[in-house]
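Worksheet for the structure shown next.
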Amino acid sequence: MLNKNTEFVVFDVETTGLSPARGDKIIEIAAVKVKNKNIIDSFVSLINPGRDLPEEAQKINNITSDMVAEAPMADEVLPGIIDFIGGACLVGHNISFDLNFLCCELAAMGRKLHDTTPAVDTLRMTRKLLPHLKNFQLTNIAYMLGIKVEGAHRAMADVHITAKVLRSLLDFASDQKIDNFVELHRMFGVQKPNYPVAQGKQGSLF
């Protein structure tokens, strides 16, 4: 069994597009901290990206330009996620997408996640533990696991769905004798992107 003190931070971002390298930005970030399968804390904020929101993005996540117009900028919000994570393991569905945006924007403001912060992907977990599924989209996985889906494609809604999926997947992993964190991370962990931290900005705490 996993240590009951193991903490996971399930997080998700909504963005203006698919590539931070092409100038796309985070417009919403949400996270919950999970310990012993219970949510013990949460973090959520809209973010003003300092640019217009493409219509395609607005159709997907239902976040409009008016909604982010008075929201704080990224440098007011994103450093707070570092403290929120603390020593926990990050979790997300197709987490490399979210990590790419988070690490890119943190680096641009002279910050970064802790070098030792692990990250685990529920998409990788599902493909290994539930290989019979034909569709590995988050909402389909939730449906197959009997998890109610509400408000999909908003960050906090997706986070709550992912947290419930994670609980189920940890049970499936335990059934397959993947019952300690080292093994869990070895099988389902992903590497954080390594963006160069901008000089002359506020430095990383770590």
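None of the figures in this text is laboratory data; all of them are computed from the coordinates on show. Not measured: the values here are computed from a predicted model. A quick note on method: Cβ atoms are made from the backbone with ideal geometry, for glycine too, and the neighbour counts reach across all protein chains shown.
Things worth noting here:
- Only helices enter the 222 nm calculation for the chain: every DSSP H run of n ≥ 4 contributes -39,500 (n - 2.57), and dividing by all residues gives -11000 deg cm²/dmol, rounded to 500.
- Where labels lie 7 Å past Cα in the beta-carbon direction, separation of residue 198 and residue 132 in nm: 5.0
- Oblate is the label for the chain, because the ratio a/c of its alpha-carbon gyration tensor axes (a ≥ b ≥ c) is 1.5 or higher and a/b is not greater than b/c.
- Environment charge at residue 67 (Cβ cut-off 15 Å; Lys +1, Arg +1, Asp -1, Glu -1): -2
- The orientation-averaged projected area of the convex hull spanned by the Cα atoms of segment 2-122 comes to 7.5 nm².
- Ordered by the count of other Cβ atoms within 10 Å of each Cβ, fewest first, 185, 160 give 185, 160.
- Shown for segment 7-188: lysine pairs separated by 8 or more places, or found on different chains, whose C-alpha atoms are under 25 Å apart, numbering 26.
- Cα shape, segment 60-136, gyration tensor, a/c 1.5 rule: oblate
- Between residue 167 and residue 59, the simple label model (points 7 Å from Cα in the Cβ direction) yields a spacing of 3.5 nm.
- For residue 38 and residue 153, the difference between the fully extended length at 0.36 nm per residue and the C-alpha to C-alpha distance is 39.2 nm.
- Shape call, segment 89-190: gyration tensor on alpha carbons, a/c limit 1.5: oblate
- Each label point was placed 7 Å from the Cα along the Cα-to-Cβ direction; for residue 96 and residue 76 their separation is 3.5 nm.
- The chain: relative contact order as a whole-number percent, Cα under 8 Å and 6+ apart: 25
- Computed from Cα atoms, the angle from the helix 95-108 axis to the main principal axis of the chain rounds to 30 degrees.
- Relative packing of peptides 44-55, 189-200 - highest average C-beta neighbours within 10 Å first: 44-55, 189-200
- Packing, taken as the mean count of other beta carbons within 10 Å per residue, orders the peptides 12-24, 167-179, 85-97 from highest to lowest as 85-97, 12-24, 167-179.
- Full extension of the chain between residue 185 and residue 66 gives 38.8 nm of extra length, using 0.36 nm per residue less the Cα-Cα distance.
- Debye, to nearest 20: dipole size of segment 20-66, +1 on Lys, Arg Cβ, -1 on Asp, Glu Cβ: 360
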